[in-house]
1. Would you point out the residue of segment 112-156, among those that are among the small types (Gly, Ala, Ser) and under 12 Å from the mean Cα position of the chain (by Cα), that is farthest from ligand 2 (Cβ to nearest atom)?
2. Give 219, 223, 199 a once-over and let me know the one that is more than 16 Å from ligand 2 (Cβ to nearest atom), over 16 Å from the mean Cα position of the chain (by Cα), without any contact (Cβ under 8 Å) to a residue 40 or more places away in the chain and over 16 Å from residue 166 (Cα atoms).
3. What number goes with the only condition from (1) closer than 12 Å to residue 143 by Cα; (2) within 13 Å of ligand 2 (Cβ to nearest atom); (3) not aliphatic (A, V, I, L, M) that residue 108 does not pass?
4. Looking at 207, 226, which is the one that is in contact with a Leu (Cβ under 8 Å, 6 or more places away or on another chain) and assigned to a strand (DSSP E or B)?
5. Any residue in segment 35-56 that is assigned to a loop (DSSP other than H, G, I, E, B), touching a residue at least 24 places away in the same chain (Cβ under 8 Å) and surrounded by 23 or more Cβ atoms within 10 Å (Cβ to Cβ)?
6. Do you know which residues across segment 1-27 are without any contact (Cβ under 8 Å) to a residue 60 or more places away in the chain and within 16 Å of ligand 1 (Cβ to nearest atom)?
7. Taking segment 57-111, which residues are among the polar types (S, T, N, Q) and either buried (at least 18 other Cβ atoms within 10 Å of the Cβ) or within 18 Å of the chain's Cα centre (by Cα) (or both)?
8. Just checking, how many residues over segment 242-273 are in contact (Cβ under 8 Å) with a residue 60 or more places away in the chain and either over 19 Å from the mean Cα position of the chain (by Cα) or farther than 20 Å from residue 43 by Cα (or both)?
Amino acid sequence: MEVSLRIEAMLGEGPRWDAAGRRLLAVDIEGRVLHRLDPATGEDRPLELDERIGVATPVEGGGLLLALERRLALLDEATERLRTVAELPHGEGVRTNDGACDPAGRFFVGTMAFDERPGGGALYRYSTSAGLELVCGGVTISNGLGWSPDGRRMYYVDSPTRRVDVFEFDPGTGGLGGRDPFARIAEADGIPDGLAVDDEGGVWVALYGGGAVRRFASDGELDRVLEVPATNVTACCFGGENGRSLFVTTARQGLGEEELAREPLAGSVFVTDAGVAGPPARPFVP
Ligand code: BGC
Ligand code: CA
């Protein structure tokens, strides 16, 4: 695994391949920065924000949709102006975390309490026509989201459950059906965090505290383990020209001085050839 973007992110998160812009988006939630990296040149265009940012997603036709601490906003990249499109109903002490668009371009975004209190988070769905809707309450740390290649299954992680779950998903309406456990992570292997689904239906799960990304085949069997040179692995996505680059974000938070000395690259974005391609970020359809 190589370094793709050397940064000291406190909580690097939300890698997303923006196919139209041929660039990688990633955030530092606690550092309040949006990174926009051109991997061909190595040039990053960081945008500093006044609020925490959970994730950014490309918008069809241009611009970005940002999940800020307590609101969703459209970013006009030319003027750097933000326009709020939805307010999240939670009060202070709760923030957005991971989010992604379904195959039809509806934005799903989760939340968590700063103190990680059980049930302090939720999962929402946002579209221009329906606005912001609660789809799942009683979540603790809403994390990875992804869809099977046929769009009929939605994978979802509420981190403290130590599971990746799978929902039946209606691609026509964006509605969730039955929920079942898909994969389990033992305590010694870290906490399941962000995820990405490849073109064969394999599910790649970042392991926070586990220094690795694991691929589970579509039947839930563990298939591969990729080691990452940082303990707190937060999320991953497919991208690059052939869709086979797996970009991986990491965090420095929670590491002591000695640990940081042992893993000086913690906080950086890493990349490796996954040997299988996966889709770019589905843009939000306004
Ligand atoms: C959250 C972190 C949390 C981690 C592991 C991340 O998505 O943003 O605050 O520590 O998941 O559960
Ligand atoms: Ca995450």
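1. 146
2. 223
3. Only one criterion in (1) closer than 12 Å to residue 143 by Cα; (2) within 13 Å of ligand 2 (Cβ to nearest atom); (3) not aliphatic (A, V, I, L, M) is unmet by residue 108, namely (2).
4. 226
5. No - not one qualifying residue is present in segment 35-56.
6. Residue satisfying the conditions is 27 alone.
7. 57, 96, 97, 111
8. Total satisfying the criteria: 4.
All of the numbers you see were taken from the coordinates with simple rules; none came from a lab. Remember, it's a predicted structure, so these values are computed and weren't measured experimentally. Glycine gets a Cβ as well: all are built from the backbone with ideal geometry, and neighbour counts include every protein chain shown.
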